[in-house]
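Since the structure comes first, as structure tokens, the remarks are kept for the end.
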Amino acid sequence: MKFRKLAFIIAIFSIFAQINIFAQSNNFEDASVSIRYYNRTIYYPGDAEENPVYIHVTIKNNGADTLRFKLADDRAFSLDFNAYTVKNQKLNQTDSIIEKRTTNQTVYFREISLEYGEEYSFIENLKDYLIIEDPSVYYLELSFYPELYKTKKVNLKSNRLTLEVRPSPSSSSSSYLPVRENSAEILKQEFLSPDKVVEQTITARQKSLWDQYFLYLDVESLLKRNKTLRNKYNTVSADERERMIDAYKADLMQSRIENDIISIPEKFQIVKTTYSPTEGSVEVLEWFKYPNFSEKKSYTYKLRQREGIWIIYDYVVVNLGTE
């Protein structure tokens, strides 16, 4: 009788031990997933092969217990990318992702174990998951399913990235100014005089070369010209300020706001340039062609020098009538 009682107690302890081990191996509270750009460059709309957006994904064990999770050979069954516009509209998934997840098939996976502080990383092409057709600013995040997608019982959220997708460069625009495609090198500022900075900025706008256009613009100062935006900008966190600037740039790129700074002149002429060691002013005559008339305006661009680089931070426009 005593032996049976002892065997029963041992069995109970054995069951609890197994439950505890299982719980420890499937406790994802101390797991984290993070994303960053892999070999970050300039991103354009288009298909996954010609215009990829590579994302570096990292799963990390931050706890004392061993972290165990499943990782599908086809990552589509282990994670989701979600991207939103500044208006919180969600991008659609690709047809291939939808087809995979709605077709009955065997999902092959590996079980991975991580000890405290260990990480597991891999790289995925965002465009294999999401359809990115329009140039804009998007907010990107990842959901990781450590028990695979079809269960979705556990969902680990990553940090959020800002994704800026530029308009695709045309053959004519890419040859006008020295632009090296798929390279961040074009963002390097040069020691140009104030008039050359203004000339390059206007020319870039004429050719819709947004990387060149924003190169010498203080977007933060331009945003603050709007009283409502300025008041909000001054009260939010640093991260929210960055998002506001990205959203403002996206609005400029897609002409969603009325702003003389993005008007495209048919031709222009630099009239006068004055500057001190720290402040500069460039006056430009600009002509705008419409179906039945041409409009002439005087632009005065205000610049300030930062470590030898002249930056446009404000401007004044005067209408000079039609021709």
Six or more apart or on different chains, Cβ atoms under 8 Å: show the pairs whose first residue is in region 84-110 and free of Cβ contacts under 8 Å to residues at least 40 places away in the same chain and whose second is open to solvent by 90 Å² or more (accessible area, probe 1.4 Å) and not basic (Lys, Arg). 108/73; 109/73
Filtering region 60-74 down to residues that are in contact with a helix residue (DSSP H, G or I) (Cβ under 8 Å, 6 or more places away or on another chain), outside any strand (DSSP E or B) and not hydroxyl-bearing (Ser, Thr, Tyr), which residue is surrounded by the most Cβ atoms within 10 Å (Cβ to Cβ)? 65
Taking helices (runs of 4 or more DSSP H) that fall entirely within region 187-287, which contain at least 2 residues that are open to solvent by 50 Å² or more (accessible area, probe 1.4 Å)? 194-206, 227-233, 238-253
Say whether the condition of being in a strand (DSSP E or B) and either open to solvent by 60 Å² or more (accessible area, probe 1.4 Å) or of a type in the set (A, V, I, L, M, F, W, C) (or both) is met by at least one residue in region 43-54. yes
Kindly establish whether residue 295 is part of a strand (DSSP E or B), of a type outside the set (A, V, I, L, M), touching a residue at least 60 places away in the same chain (Cβ under 8 Å) and over 21 Å from residue 190 (Cβ atoms). no
If residue 309 satisfies every condition in (1) over 31 Å from the mean Cα position of the chain (by Cα); (2) surrounded by fewer than 16 Cβ atoms within 10 Å (Cβ to Cβ); (3) within 18 Å of residue 189 (Cβ to Cβ) but one, which is the exception? (1)
Given the structure, is residue 183 at pLDDT below 85, open to solvent by 80 Å² or more (accessible area, probe 1.4 Å) and among the small types (Gly, Ala, Ser)? no
Per the filter on region 81-95, residues modelled with pLDDT of 90 or more and not β-branched (Val, Ile, Thr) are 81, 82, 83, 84, 90, 91, 92, 93, 95
Only listed residue being modelled with pLDDT of 90 or more and farther than 22 Å from residue 137 by Cβ, chosen from 5, 60: 60
Select from region 245-281 the residues that are among the β-branched types (Val, Ile, Thr) and in contact (Cβ under 8 Å) with a residue 40 or more places away in the chain and list them in ascending order. 261, 262, 264, 270, 273
Would you say residue 172 is assigned to a helix (DSSP H, G or I), out of contact with any Asp or Glu (no Cβ under 9 Å at 6 or more places or on another chain) and at pLDDT below 85? yes
Enumeration of residues in region 159-169 that are part of a loop (DSSP other than H, G, I, E, B) and at pLDDT below 90: 166, 167, 168, 169
Would you call residue 77 in contact with a Lys or Arg (Cβ under 8 Å, 6 or more places away or on another chain), open to solvent by 70 Å² or more (accessible area, probe 1.4 Å), within 16 Å of residue 145 (Cβ to Cβ) and not hydroxyl-bearing (Ser, Thr, Tyr)? no
Candidate set from region 100-136 (those that are acidic (Asp, Glu), over 16 Å from residue 70 (Cβ atoms) and part of a strand (DSSP E or B)); member that is least open to solvent (accessible area, probe 1.4 Å): 124
Selected residue [hydroxyl-bearing (Ser, Thr, Tyr) and within 19 Å of residue 151 (Cα to Cα)] from 58, 102, 94: 102
Residues located in region 206-234, provided they are touching a residue at least 60 places away in the same chain (Cβ under 8 Å) and more than 22 Å from the chain's Cα centre (by Cα): 225
Determine which single condition residue 59 fails, assuming it passes every other condition in (1) hydrophobic (A, V, I, L, M, F, W, C); (2) touching a Leu at 6+ places or on another chain (Cβ under 9 Å); (3) free of Cβ contacts under 8 Å to residues at least 60 places away in the same chain. (3)
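The values are calculated or read from the model by the stated rules, or taken from the named source; none is laboratory data. These figures come from a predicted structure and were not determined experimentally. Ideal geometry is used to build each Cβ from the backbone, glycine not excepted, and the neighbour counts take in all protein chains shown. What goes into the accessible areas is simple: the full protein's heavy atoms, side chains included, and nothing from ligands, DNA or RNA. Shrake-Rupley method; radii C 1.70, N 1.55, O 1.52, S 1.80 Å.
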